[in-house]
1. Pull up the range 281-317, narrow it to residues that are assigned to a loop (DSSP other than H, G, I, E, B) and touching a strand residue (DSSP E or B) at 6+ places or on another chain (Cβ under 8 Å), then point me to the one that is nearest to GLU357 (Cα to Cα).
2. Which one of the conditions (1) more than 30 Å from GLY78 (Cβ to Cβ); (2) in contact (Cβ under 8 Å) with a residue 24 or more places away in the chain; (3) of a type in the set (Phe, Trp, Tyr) does PHE152 fail to meet, given that it meets all the rest?
3. Among the numbered conditions (1) under 20 Å from the mean Cα position of the chain (by Cα); (2) at pLDDT 95 or above; (3) not in a strand (DSSP E or B), tell me where LYS158 comes up short.
4. Tell me, which residue of the range 200-214 that is surrounded by fewer than 20 Cβ atoms within 10 Å (Cβ to Cβ) and either among the small types (Gly, Ala, Ser) or part of a loop (DSSP other than H, G, I, E, B) (or both) is nearest to the chain's Cα centre (by Cα)?
5. Of all residues in the range 80-133 being of a type in the set (Ser, Thr, Tyr) and within 16 Å of ILE66 (Cα to Cα), which is surrounded by the most Cβ atoms within 10 Å (Cβ to Cβ)?
6. Do the conditions hold for ARG106, that is, is it assigned to a strand (DSSP E or B), charged (D, E, K, R), over 26 Å from PHE341 (Cβ atoms) and in contact with a Lys or Arg (Cβ under 9 Å, 6 or more places away or on another chain)?
7. Tell me which residues, restricted to the range 206-215, are within 20 Å of PHE117 (Cβ to Cβ) and either out of contact with any strand residue (DSSP E or B) (no Cβ under 7 Å at 6 or more places or on another chain) or at pLDDT below 95 (or both).
8. Can you go through GLY68, GLY95, GLY51 and tell me which one is out of contact with any helix residue (DSSP H, G or I) (no Cβ under 7 Å at 6 or more places or on another chain) and within 18 Å of LYS360 (Cα to Cα)?
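The values are calculated or read from the model by the stated rules, or taken from the named source; none is laboratory data. Bear in mind the structure is a predicted one, so any value in this text is a computation, not a measurement. Cβ: placed from backbone, ideal geometry, glycine included. Neighbour counts: every protein chain shown.
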Amino acid sequence: MRFKTILAILCLAVLASCGNKEKSDDSDILLPEISLGTFEETTAKLSDIIGDHDMIPLETTDESLIGGRSNKVIKKDGYIFVQSINDVVMFDNTGHFVGKLSRIGRGPEEYESLLDFDIDASSDEIWVSSLKGIVKYKYPSLEFRGNIPLSFYANKFKCLSDGSFIAMTPDDKVFNVFSVDGKVTQSFFDKDLANSGQATVQFVEAGKQIASIIADTNTAVCYDPETGLFSMKEILSPGKEPAVTMDINREYFDKYGYMDFPSKVMEKYAGLIGFRTNGRQTIVALRYPGIYNSIIVDNGKSVKEYKVRPKEKSMINDNITGNEDTSFLLTFTACESDDSFLFLVNTDDESNPSILEVRKLK
């Protein structure tokens, strides 16, 4: 009897321990159902991966031409906004050209350069980050609406619903939350040159949190607007492939220096390029040693990973846009939307790209 009692207690303790561990792991991982290195073994048609979608050709005129690389795209409030070097080109949701924000200069209603931009839909404004702070313009009229001076500029930023914004800055504390008048209310994360890489879209909504990937690692700085608290979280669950960490970046930085360490890290470790969520659905982009890339697709029911670059290794047959090179499927990392996934699809050198808008994954 005594042995059975002890055995029962031990079993309960083990079950409790396992339950606590599972709960703790889930709370510390943004996307616990997803891990890297779990590739599909057969080629799939793109139409078998994405469901409800549209192709949106962006109107091409002399004024609407989009230049530069890694163009940031935002679809919000019925408009599509595309960064073109130091301009923001505006289209409606059918791709028709609406207008272009182009105010380079040193005047009170101008910006010296466009470091980043975001859309504050609550006030119908385009916010531009420049060396002198944030400059605001009404859309679609593009009239000047005011400035938010900052003590140090914002490399990347994202508007929050209460009129404040979160920014990545060159200050000693990298992540800062600013009030509507430009005052710092929260700061987090000491400057770390080995982990200072930036993405085209640095801040991503992940549930109720705003996440910022740290330099291709599997770690993100997370901010919860409801509580006003910062935290560090892993993004994906541990996978079959070794993923780069912040400590690995520091080790290689010390060994090879600022210019050479990223390429050395890429020779051995997988890195996270970016991710986007839409409800319960998620897409993740990764890079692997050997210079190839993949996307992980979580449709809410199953998780599958496909190589997409280079084209000779691609596991996806693009029977929707007709592209032989499926590396365009990585462009979603430079795009954000309030209700879909966006991909930039190039047609030819003389016209603007089209946007593949995916509202639902299969």
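1. Just the residues of the range 281-317 that are assigned to a loop (DSSP other than H, G, I, E, B), to begin with: 289-291, 299-302, 310, 314-315.
Right, trim to touching a strand residue (DSSP E or B) at 6+ places or on another chain (Cβ under 8 Å) and you get 289, 299-300, 310, 314-315.
Values: PRO289: 30, ASN299: 16, GLY300: 18, PRO310: 23, SER314: 21, MET315: 21 Å.
The residue in question is ASN299.
2. In the conditions (1) more than 30 Å from GLY78 (Cβ to Cβ); (2) in contact (Cβ under 8 Å) with a residue 24 or more places away in the chain; (3) of a type in the set (Phe, Trp, Tyr), PHE152 misses (2) alone.
3. Only one criterion is unmet by LYS158, namely (3).
4. The extreme case among them is THR200.
5. Our first condition is that a residue be of a type in the set (Ser, Thr, Tyr); within the range 80-133, this holds for 84, 94, 102, 111, 113, 122-123, 129-130.
Keeping just the survivors that are within 16 Å of ILE66 (Cα to Cα) gives 84, 102.
Numbers: SER84: 19, SER102: 17.
The extreme case among them is SER84.
6. Values: assigned to a strand (DSSP E or B): no; charged (D, E, K, R): yes; over 26 Å from PHE341 (Cβ atoms): yes; in contact with a Lys or Arg (Cβ under 9 Å, 6 or more places away or on another chain): yes.
Taking the combined requirement at face value, the residue does not satisfy it.
7. Filtering the range 206-215 for residues within 20 Å of PHE117 (Cβ to Cβ) gives 210-213.
If the condition is that a residue be within 20 Å of PHE117 (Cβ to Cβ) and either out of contact with any strand residue (DSSP E or B) (no Cβ under 7 Å at 6 or more places or on another chain) or at pLDDT below 95 (or both), then no residue fits.
8. GLY51 is the lone residue from the list that is out of contact with any helix residue (DSSP H, G or I) (no Cβ under 7 Å at 6 or more places or on another chain) and within 18 Å of LYS360 (Cα to Cα).
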